[in-house]
1. What's the angle, to the nearest 10 degrees (0 to 90), between helix 134-145's Cα axis and the longest principal axis of the chain?
2. Here are a few candidate values for Cα extents along the principal axes in Å: [x] 50, 37, 21; [y] 71, 61, 23; [z] 38, 37, 29. Which one was actually calculated from the structure I just gave you?
3. For the Cα atoms of the chain, what angle does the longest principal axis make with the long axis of helix 52-61, in degrees from 0 to 90, nearest 10?
4. Taking the Cα centre as origin and putting +1 on Lys and Arg beta-carbons and -1 on Asp and Glu beta-carbons, what dipole magnitude results for the stretch 108-154, to the nearest 20 debye?
5. Note down the nm distance, to one decimal, between modelled labels 7 Å out along Cα→Cβ at Phe146 and at Cys51.
6. How tilted is helix 116-125 with respect to the longest principal axis of the chain? Cα atoms for both, answer in degrees (0 to 90, nearest 10).
7. For the chain, with the dipole built from +1 on Lys and Arg beta-carbon atoms and -1 on Asp and Glu ones, taken about the Cα centre, which of Thr64, Ala114, Ser18 lies farthest toward the positive end?
8. Under unit Cβ charges (Lys, Arg +1; Asp, Glu -1), what dipole magnitude, rounded to 20 debye, does the stretch 1-105 have relative to its Cα centre?
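FYI, it's all coordinate maths here, none of it is from the lab. These numbers come from a predicted model, not from an experiment. FYI the Cβ positions are ideal-geometry reconstructions off the backbone, even for glycines, and counts take in every protein chain you see.
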Amino acid sequence: MPKAKVTGKDLTKEPPRSPHTRFGGFVILARTIDKCRATIAGKNGEYHFDCPLDKTLFNFKGITGDDFKKFVATGATDEQITEWVKKNGKPLTDAEITVWSDKTEADNYSDKPAKKPWLEGENKRLGLPESGTLFDYLDADDKACFQGGSNVCL
């Protein structure tokens, strides 16, 4: 059986979508799709699929990165992937998804004392408020990555 052609962003040339972008109400999902497709195509550059950020979504939904990747490898569209995520793993209401997404999007590591100094330092380095969120940092770092700056690539 021929393998489906997986198309997506070339993350050696452009960043994945913002973690703020919501598909099916889920933050992170659009970014995770971009990184997964790029990994399958061998065009992920410095970006890592199934990283701790992706696992935040996978753990919330009760799915695995391996199962997600297998479905993405079928050539599924963003909409089909979103539906797959909603239907697989732990059943969740739209309200539960919204609460999780809002909390995840607002995370500035205030409840993670071991990680907070790192995020504050990175935010400061990128010209963001020290109290900025992880998502704001990722957006700024993505921009810096493709302007010759530092590159964490989550």
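1. Relative to the chain, helix 134-145 is tipped by roughly 90 degrees.
2. For Cα extents along the principal axes in Å, the calculated option is [x].
3. 50 degrees
4. The calculated dipole for the stretch 108-154 is roughly 140 debye.
5. 1.5 nm
6. Between helix and principal axis, roughly 80 degrees.
7. With unit charges placed on the Cβ atoms, the residue in question is Thr64.
8. So the magnitude is around 280 debye.
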